[in-house]
Amino acid sequence: MPKRIMVVEDDPMNAKFFELTLKRRGNFDVVVTEDVNQILDFARQGSIDLIIMDVSLCNSFYHGARVDGIALSRLIKDDESTRRIPVLLATAHAMKGEQEVFLKASRADGYVSKPVIDPNEFIGKINELIA
Amino acid sequence: MGRALVTEDMIELRSLYVGYLRNEIDSFKSLLASKDLDQIRELGHRLKGSGGTYGFPQISELGETIQYLEDNVDWKDVEGLLLQLVELYDRIQVFQDDN
(Lines give C-alpha, C1' and ligand atoms only; values in the text may rest on other atoms or scores of the structure.)
Protein backbone atom coordinates (compact mmCIF):
# COMPACT_ATOMS: atom_id res chain seq x y z
CA MET A 1 0.00 0.00 0.00
CA PRO A 2 1.52 3.36 -0.99
CA LYS A 3 2.49 5.87 1.67
CA ARG A 4 0.24 8.89 1.84
CA ILE A 5 1.62 12.44 1.68
CA MET A 6 -0.42 15.54 2.50
CA VAL A 7 0.68 18.68 0.66
CA VAL A 8 -0.27 21.97 2.33
CA GLU A 9 0.38 24.59 -0.33
CA ASP A 10 -1.47 27.71 -1.49
CA ASP A 11 0.31 28.21 -4.79
CA PRO A 12 -1.41 26.17 -7.54
CA MET A 13 1.74 25.62 -9.61
CA ASN A 14 3.79 24.42 -6.67
CA ALA A 15 0.90 22.21 -5.55
CA LYS A 16 0.73 20.70 -9.03
CA PHE A 17 4.48 20.12 -9.10
CA PHE A 18 4.45 18.41 -5.71
CA GLU A 19 1.46 16.29 -6.62
CA LEU A 20 2.84 15.05 -9.95
CA THR A 21 6.35 14.49 -8.62
CA LEU A 22 5.17 12.59 -5.56
CA LYS A 23 2.75 10.45 -7.52
CA ARG A 24 4.85 9.68 -10.56
CA ARG A 25 8.36 9.57 -9.16
CA GLY A 26 7.69 8.49 -5.61
CA ASN A 27 4.61 6.33 -6.13
CA PHE A 28 2.97 8.08 -3.19
CA ASP A 29 -0.69 8.62 -2.61
CA VAL A 30 -1.18 12.41 -2.40
CA VAL A 31 -3.74 14.73 -0.89
CA VAL A 32 -3.45 18.49 -1.47
CA THR A 33 -5.23 20.99 0.75
CA GLU A 34 -4.83 24.36 2.46
CA ASP A 35 -8.00 24.01 4.53
CA VAL A 36 -6.98 23.86 8.19
CA ASN A 37 -9.90 21.74 9.40
CA GLN A 38 -9.27 19.27 6.61
CA ILE A 39 -5.54 19.22 7.39
CA LEU A 40 -6.16 18.45 11.07
CA ASP A 41 -8.88 15.90 10.27
CA PHE A 42 -6.67 14.01 7.83
CA ALA A 43 -3.79 14.07 10.29
CA ARG A 44 -5.94 12.82 13.20
CA GLN A 45 -7.39 10.00 11.10
CA GLY A 46 -3.93 8.43 11.10
CA SER A 47 -3.81 7.97 7.34
CA ILE A 48 -1.05 10.50 6.62
CA ASP A 49 2.60 9.39 6.57
CA LEU A 50 4.20 12.81 5.98
CA ILE A 51 3.14 16.43 5.54
CA ILE A 52 4.81 18.88 3.15
CA MET A 53 4.05 22.27 4.65
CA ASP A 54 4.42 25.57 2.82
CA VAL A 55 5.48 28.29 5.25
CA SER A 56 3.57 31.19 3.67
CA LEU A 57 -0.13 30.41 3.38
CA CYS A 58 -2.56 33.06 2.11
CA ASN A 59 -5.85 31.24 2.50
CA SER A 60 -5.56 29.21 5.69
CA PHE A 61 -7.48 30.23 8.79
CA TYR A 62 -7.77 28.73 12.27
CA HIS A 63 -10.41 30.02 14.69
CA GLY A 64 -10.92 33.02 12.41
CA ALA A 65 -7.29 34.08 12.21
CA ARG A 66 -4.88 33.56 9.34
CA VAL A 67 -2.25 30.91 10.08
CA ASP A 68 1.02 30.15 8.34
CA GLY A 69 2.81 26.84 7.96
CA ILE A 70 4.88 27.43 11.09
CA ALA A 71 1.79 27.72 13.29
CA LEU A 72 0.12 24.79 11.56
CA SER A 73 3.16 22.61 12.04
CA ARG A 74 3.16 23.52 15.74
CA LEU A 75 -0.51 22.57 16.00
CA ILE A 76 0.34 19.17 14.57
CA LYS A 77 3.33 18.69 16.85
CA ASP A 78 1.35 19.80 19.93
CA ASP A 79 -1.36 17.22 19.33
CA GLU A 80 -0.67 13.82 20.91
CA SER A 81 -2.47 12.04 18.08
CA THR A 82 -0.56 13.72 15.23
CA ARG A 83 2.90 14.57 16.54
CA ARG A 84 4.44 11.38 15.08
CA ILE A 85 3.77 12.60 11.51
CA PRO A 86 6.96 13.99 9.96
CA VAL A 87 6.56 17.57 8.72
CA LEU A 88 8.75 18.85 5.90
CA LEU A 89 8.70 22.63 5.62
CA ALA A 90 8.82 24.10 2.12
CA THR A 91 9.51 27.75 1.53
CA ALA A 92 10.91 30.33 -0.84
CA HIS A 93 12.17 32.34 2.14
CA ALA A 94 15.87 31.72 2.07
CA MET A 95 17.56 34.50 3.96
CA LYS A 96 20.59 33.35 5.92
CA GLY A 97 19.60 31.72 9.19
CA GLU A 98 15.89 31.52 8.37
CA GLN A 99 15.95 27.75 7.99
CA GLU A 100 17.05 27.22 11.60
CA VAL A 101 14.56 29.81 12.86
CA PHE A 102 11.69 28.18 10.98
CA LEU A 103 12.64 24.66 12.09
CA LYS A 104 12.88 25.68 15.73
CA ALA A 105 9.63 27.66 15.69
CA SER A 106 7.65 24.99 13.87
CA ARG A 107 9.23 21.86 15.40
CA ALA A 108 9.15 20.44 11.88
CA ASP A 109 11.37 17.50 10.97
CA GLY A 110 12.98 18.87 7.82
CA TYR A 111 13.20 21.72 5.39
CA VAL A 112 13.20 22.08 1.63
CA SER A 113 13.89 25.33 -0.23
CA LYS A 114 11.72 26.41 -3.12
CA PRO A 115 12.21 26.35 -6.01
CA VAL A 116 12.74 22.60 -5.90
CA ILE A 117 15.33 22.05 -8.61
CA ASP A 118 16.02 18.34 -8.33
CA PRO A 119 12.90 16.15 -8.00
CA ASN A 120 14.99 13.05 -7.21
CA GLU A 121 16.70 14.76 -4.29
CA PHE A 122 13.31 15.94 -3.10
CA ILE A 123 11.89 12.40 -3.18
CA GLY A 124 15.00 11.14 -1.42
CA LYS A 125 14.47 13.59 1.42
CA ILE A 126 10.90 12.40 1.86
CA ASN A 127 11.91 8.75 1.84
CA GLU A 128 14.47 9.48 4.57
CA LEU A 129 11.83 11.08 6.79
CA ILE A 130 9.28 8.30 6.45
CA ALA A 131 11.74 5.40 6.61
CA MET B 1 16.82 28.97 -20.93
CA GLY B 2 15.82 25.73 -19.26
CA ARG B 3 18.40 23.88 -17.20
CA ALA B 4 16.08 21.56 -15.28
CA LEU B 5 15.48 17.97 -16.26
CA VAL B 6 13.20 17.88 -19.27
CA THR B 7 10.97 14.89 -18.77
CA GLU B 8 7.43 14.25 -19.91
CA ASP B 9 6.20 15.48 -16.53
CA MET B 10 8.20 18.66 -16.84
CA ILE B 11 6.97 19.36 -20.35
CA GLU B 12 3.41 19.12 -19.07
CA LEU B 13 4.16 21.32 -16.07
CA ARG B 14 6.03 23.91 -18.11
CA SER B 15 3.09 24.33 -20.40
CA LEU B 16 0.87 24.99 -17.37
CA TYR B 17 3.49 27.35 -15.96
CA VAL B 18 3.39 29.60 -19.02
CA GLY B 19 -0.35 30.15 -18.41
CA TYR B 20 0.32 30.74 -14.73
CA LEU B 21 2.95 33.38 -15.55
CA ARG B 22 0.53 35.16 -17.86
CA ASN B 23 -1.92 35.43 -14.94
CA GLU B 24 0.83 36.63 -12.60
CA ILE B 25 1.77 39.38 -15.08
CA ASP B 26 -1.86 40.52 -15.20
CA SER B 27 -1.97 40.53 -11.38
CA PHE B 28 1.29 42.47 -11.22
CA LYS B 29 -0.16 45.15 -13.53
CA SER B 30 -3.25 45.53 -11.32
CA LEU B 31 -1.18 45.62 -8.12
CA LEU B 32 1.16 48.20 -9.61
CA ALA B 33 -1.81 50.37 -10.56
CA SER B 34 -3.09 50.21 -6.95
CA LYS B 35 0.45 50.44 -5.49
CA ASP B 36 -0.18 47.42 -3.29
CA LEU B 37 3.37 46.70 -2.18
CA ASP B 38 2.51 43.85 0.21
CA GLN B 39 0.75 41.91 -2.51
CA ILE B 40 3.52 42.67 -4.99
CA ARG B 41 5.99 41.16 -2.52
CA GLU B 42 3.71 38.11 -2.18
CA LEU B 43 3.71 37.78 -5.94
CA GLY B 44 7.51 37.96 -5.92
CA HIS B 45 7.58 35.24 -3.28
CA ARG B 46 5.47 32.98 -5.51
CA LEU B 47 7.67 33.63 -8.54
CA LYS B 48 10.80 32.96 -6.54
CA GLY B 49 9.39 29.68 -5.28
CA SER B 50 8.31 28.41 -8.65
CA GLY B 51 10.50 29.57 -11.58
CA GLY B 52 13.54 27.40 -10.93
CA THR B 53 11.40 24.30 -10.54
CA TYR B 54 10.35 24.59 -14.17
CA GLY B 55 13.82 25.37 -15.49
CA PHE B 56 13.50 29.15 -15.43
CA PRO B 57 15.92 30.31 -12.73
CA GLN B 58 15.72 33.91 -13.99
CA ILE B 59 12.10 33.99 -12.88
CA SER B 60 13.14 32.90 -9.37
CA GLU B 61 15.92 35.51 -9.29
CA LEU B 62 13.54 38.27 -10.38
CA GLY B 63 10.96 37.00 -7.88
CA GLU B 64 13.50 37.28 -5.07
CA THR B 65 14.19 40.91 -5.98
CA ILE B 66 10.46 41.62 -5.95
CA GLN B 67 9.92 39.66 -2.71
CA TYR B 68 12.36 41.86 -0.80
CA LEU B 69 11.34 45.30 -2.14
CA GLU B 70 11.76 47.95 0.52
CA ASP B 71 8.97 50.15 1.84
CA ASN B 72 10.40 53.30 0.30
CA VAL B 73 10.71 51.77 -3.17
CA ASP B 74 10.67 54.00 -6.24
CA TRP B 75 7.60 52.91 -8.20
CA LYS B 76 9.47 53.49 -11.46
CA ASP B 77 11.76 50.64 -10.37
CA VAL B 78 8.77 48.39 -9.73
CA GLU B 79 7.51 49.22 -13.20
CA GLY B 80 10.93 48.17 -14.50
CA LEU B 81 10.64 44.83 -12.69
CA LEU B 82 7.29 44.23 -14.32
CA LEU B 83 8.83 44.94 -17.72
CA GLN B 84 11.61 42.47 -16.94
CA LEU B 85 9.03 39.85 -16.08
CA VAL B 86 7.16 40.45 -19.34
CA GLU B 87 10.44 40.16 -21.23
CA LEU B 88 11.26 36.85 -19.54
CA TYR B 89 7.77 35.60 -20.24
CA ASP B 90 8.18 36.41 -23.94
CA ARG B 91 11.46 34.52 -24.02
CA ILE B 92 9.91 31.54 -22.28
CA GLN B 93 7.13 31.48 -24.82
CA VAL B 94 9.67 31.36 -27.65
CA PHE B 95 11.49 28.57 -25.80
CA GLN B 96 8.24 26.65 -25.42
CA ASP B 97 7.34 27.12 -29.08
CA ASP B 98 10.75 25.77 -30.12
CA ASN B 99 10.29 22.65 -28.03
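The values are calculated or read from the model by the stated rules, or taken from the named source; none is laboratory data. Given the structure is predicted, the values throughout are model-derived calculations rather than measurements. Reconstructed Cβ throughout: ideal geometry from the backbone, glycine too, with neighbour counts over all protein chains shown.
Looking only at region A:15-64, count every residue that is at pLDDT 95 or above, touching a Pro at 6+ places or on another chain (Cβ under 7 Å) and charged (D, E, K, R) and tell me the total.
Result for region A:15-64: 1.
Just one of the numbered conditions (1) touching a Lys or Arg at 6+ places or on another chain (Cβ under 8 Å); (2) farther than 22 Å from A:Lys114 by Cα is not true of A:Arg44; which one?
The one condition A:Arg44 does not meet is (1).
Applying the selection to region A:1-19, what residues are buried (at least 19 other Cβ atoms within 10 Å of the Cβ) and not in a helix (DSSP H, G or I)?
A:Ile5, A:Met6, A:Val7, A:Val8, A:Glu9, A:Asp11, listed by residue number.
Considering only region B:8-99, give the helices (runs of 4 or more DSSP H) lying wholly within it that have at least 3 residues that are in contact (Cβ under 8 Å) with a residue 12 or more places away in the chain and closer than 18 Å to A:Asp54 by Cβ.
B:8-33, B:37-50, B:57-67
Can you confirm whether A:Ala105 is in contact (Cβ under 8 Å) with a residue 12 or more places away in the chain and either among the basic types (Lys, Arg) or within 19 Å of B:Glu42 (Cα to Cα) (or both)?
When the stated conditions are applied, A:Ala105 does not pass them.
Taking A:Leu22 as the residue in question, decide whether it is surrounded by 20 or more Cβ atoms within 10 Å (Cβ to Cβ) and part of a strand (DSSP E or B).
Spelling it out, it is not the case that A:Leu22 is surrounded by 20 or more Cβ atoms within 10 Å (Cβ to Cβ) and part of a strand (DSSP E or B).
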